[in-house]
Structure formats: structure tokens, C-alpha cells
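In what follows, a structure is listed as C-alpha cells, so that the remarks can point back to it.
Just so it is clear, none of the values below were taken in a lab; they were calculated from the coordinates. Owing to the predicted nature of the structure, the values given are computational and were not obtained by experimental measurement. Here the Cβ positions follow ideal geometry from the backbone for every residue, glycine too, while neighbour counts run over all protein chains shown.
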Amino acid sequence: MTCPLCTPSSQAILWHNNFCRVILVDDPAYPAFCRVILNAHIKEMTDLPEQDRQRLMSVVFATEAAVREVVQPDKINLASLGNMVPHLHWHVIPRFAGDPHFPDAIWAPEKRAGSVKVGADLRPRLLEALRRRLGPPAAG
């Protein structure tokens with residue numbers, strides 16, 4: 001079986017290097033929902049050497065800070081599940097009191113209809129916020 005995170009197609013990559021990448025998830029109900037995806041096919045955080053765990057989490061935390069700056073959510077959810085795709089990745093999910101699932105997880109049944117408006121310039125603002133925290137993306 002081919003891993004969809006090892007062979008990505010049409011991902012909206014916001015930032016990347018040889019170790020990991022940050023993508024913008026296409027979910028209109030959750031603007032600025034990002035994933036931090038390890039480039040290597042590794043299943044669990046404890047499969048990484050300590051230095052790489054810290055390196056990955058520094059990107060997760062930089063992504064959280066960038067999302068908070070850009071969309072000013074009521075809360076951020078961080079999740080690393082991998083039950084369906086056992087390839088190490090972290091979800092960075094901005095949450096708003098009026099989003100369809102709040103206060104439950106976004107995978108729970110919807111509580112209400114609704115959407116969050118963040119402006120058409122979301123992507124460039126996220127790009128800039130990530131670059132200030134992580135530096136320029138790697139070439140290529």
C-alpha cells in the first residue's frame with residue numbers, strides 16, 4: 001500500500017525543508033488548519049532520535065504561533081493521530097467558538113452550521129508568519 005504522505009499530490013505547501021513540510025489543509029470550515037508532516041516514513045515520535053523529536057516539535061510550535069498570529073483563534077488544537085495514515089504528522093487546528101464542532105473535536109458530529117471568515121489573503125499571511133519563525137523554505 002502506498003503512503004499518501006510519502007507520495008504527496010497537490011498539497012498546498014507553505015514551508016518545507018529536507019526534514020519536514022507544513023501544508024495548508026483545504027477545509028473551508030477550518031481556515032488556517034495546517035499539518036506538519038515528517039518527510040521520512042516513520043510511525044511514532046519515539047521512533048525518532050531525541051534531537052529529531054525536538055526539531056519536529058519546534059516546527060509544530062512555530063506553526064501554532066504563526067496560525068495564532070494570523071487568524072487569532074479562540075483555541076489551537078494539536079493532534080498526532082496516525083490511525084488511518086501511520087506516517088508521523090501533526091495537525092495544527094485553529095478553533096473558534098462558532099466553528100461547526102466547537103468545543104468538541106473537529107472529527108465529532110457537527111453541533112451547528114457555520115464557517116469562519118479570515119480574509120482572502122490567508123495564505124500569504126501564513127507564509128510570511130512561518131518564514132519569520134522558521135526561515136526561508138529549502139530550495140527545490
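Any idea how far apart M84 and A97 come out in nm if each label point goes 7 Å out from Cα toward Cβ?
3.0 nm
Cα to Cα, under 16 Å, and not fewer than 8 places away if on the same chain: which aspartates and glutamates meet these conditions relative to K111?
D99
At 222 nm, what value in deg cm²/dmol follows for the chain if DSSP H runs of at least 4 each add -39500 (n - 2.57) and the sum is divided by all its residues, to the nearest 500?
Helices in the chain give a 222 nm mean residue ellipticity of -8500 deg cm²/dmol.
For segment 82-95, what does the Karplus curve 6.51 cos²θ - 1.76 cosθ + 1.60, with θ = phi - 60°, yield as ³J(HN,Hα) per residue in whole Hz, taken in order and with x for Gly and Pro?
Karplus values, whole Hz, x for Gly and Pro: x, 5, 8, 10, x, 10, 4, 7, 10, 8, 10, 10, x, 10.
Based on the mean of other Cβ atoms within 10 Å per residue, sort peptides 16-28, 113-125 so the most packed one is first.
16-28, 113-125
Highest GNM mean-square fluctuation, the chain, Cα pairs closer than 10 Å: which of A108, A66, A129?
The residue that fluctuates most here is A108.
Determine ³J(HN,Hα), in whole Hz, for all residues of segment 97-110 in sequence, where each value follows from phi through the Karplus function 6.51 cos²θ - 1.76 cosθ + 1.60 and θ = phi - 60°; x replaces Gly and Pro.
4, x, 6, x, 10, 4, x, 6, 4, 5, 8, 7, x, 5
Just want the ordering: E64, E128, E44, from fewest to most Cβ atoms lying within 10 Å of their own Cβ.
Ordered by Cβ neighbours within 10 Å, fewest first: E44, E128, E64.
So if I place +1 on the C-beta of Lys and Arg and -1 on the C-beta of Asp and Glu, and nothing else carries charge, what would the dipole magnitude of segment 12-134 be about its Cα centre? I want it in debye, nearest 20.
Its charge dipole is roughly 260 debye.
Suppose the chain between R131 and Q51 were pulled fully straight at 0.36 nm per residue; how much longer would it get relative to their current alpha carbon spacing?
26.6 nm
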